[in-house]
Amino acid sequence: MELNFYSVFVSAITTLLVGFVWYGPLFGKAWMKETGLTEEDLKKGSMVKIFGLTYIFSVMIAMIMQILTIHQFGALGMVGGPELVDTAQPSYAAFMADYGTAFRTYKHGALHGFMSGLFLAFPLIAINGLFERKSWKYILIHSGYWTVVMTIMGAIVCGWV
């Protein structure tokens, strides 16, 4: 099992594409109100830097999404990683022969991506939002975005075999 970097690089684009719609026509006005930003504020700063760093961070998220969505990485971890596959017990080879591509579907990845958004992104954003005294609307806008993004990312990185 190796990381599929094509799926990582493609799925990382989803943060930008979904963000364009999510923080634009869907929830843009509500988001700006909840954050206290204005149109003038959004025109400040280097967009190349913002989008560039967003993509780099998104690649990092997509890489871990493969680990979260593809069960075979767990079996690989149990033998100590790729460098120890040749010395693994015969049960590892039998497992991979039986389940090598099992659960490698877009649907399965989307399920795990959704669960990651709901049980990882949402609590993280909610905790920060509570301490920052943000509204539940703010928390739901951001956590909804990440849940959608992680669902799509999970689908791409798991299903792209």
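Odds and ends about this structure:
- Taking helices (runs of 4 or more DSSP H) as the structural unit, those lying wholly within the stretch 1-50 and holding at least 2 residues that are under 30 Å from MET78 (Cα atoms) correspond to 5-12.
- Residue within the stretch 21-33 that is surrounded by 15 or more Cβ atoms within 10 Å (Cβ to Cβ), under 16 Å from the mean Cα position of the chain (by Cα) and within 20 Å of ALA121 (Cβ to Cβ) present: yes
- Filter result (within 23 Å of GLY28 (Cα to Cα) and either open to solvent by less than 30 Å² (accessible area, probe 1.4 Å) or in contact with a Pro (Cβ under 8 Å, 6 or more places away or on another chain) (or both)) within the stretch 110-124: GLY117, ALA121
- Candidate set from the stretch 47-60 (those that are open to solvent by less than 60 Å² (accessible area, probe 1.4 Å) and more than 17 Å from THR151 (Cβ to Cβ)); member that is farthest from the chain's Cα centre (by Cα): GLY52
- Residue pairs whose Cβ atoms lie under 7 Å apart, separated by 6 or more positions or on different chains, with the first residue in the stretch 115-143 and under 23 Å from LEU68 (Cα atoms) and the second of a type in the set (A, V, I, L, M) and open to solvent by 70 Å² or more (accessible area, probe 1.4 Å), are SER116/LEU68.
- In the stretch 8-20, the residues that are closer than 17 Å to ILE64 by Cβ reach residues that are of a type outside the set (S, T, N, Q) and not in a helix (DSSP H, G or I) with C-beta atoms within less than 8 angstrom, at least six apart or across chains, in these pairs: VAL10/TRP160.
- Any hit, the stretch 142-157, residues being open to solvent by 20 Å² or more (accessible area, probe 1.4 Å) and either at pLDDT below 85 or among the acidic types (Asp, Glu) (or both): no
- Selected residue (criterion: modelled with the highest pLDDT) from residues of the stretch 90-137 that are part of a loop (DSSP other than H, G, I, E, B) and more than 30 Å from GLY36 (Cα to Cα): THR105
The values are calculated or read from the model by the stated rules, or taken from the named source; none is laboratory data. As the structure is a prediction and not an experimental result, all values here were calculated from the model. Here the Cβ is made from the backbone with ideal geometry for all residues, glycine too, and neighbour counts use every protein chain on show. For the accessible areas, the whole protein counts, side chains as well, though only heavy atoms, and no ligand, DNA or RNA atoms are used. Shrake-Rupley method; radii C 1.70, N 1.55, O 1.52, S 1.80 Å.
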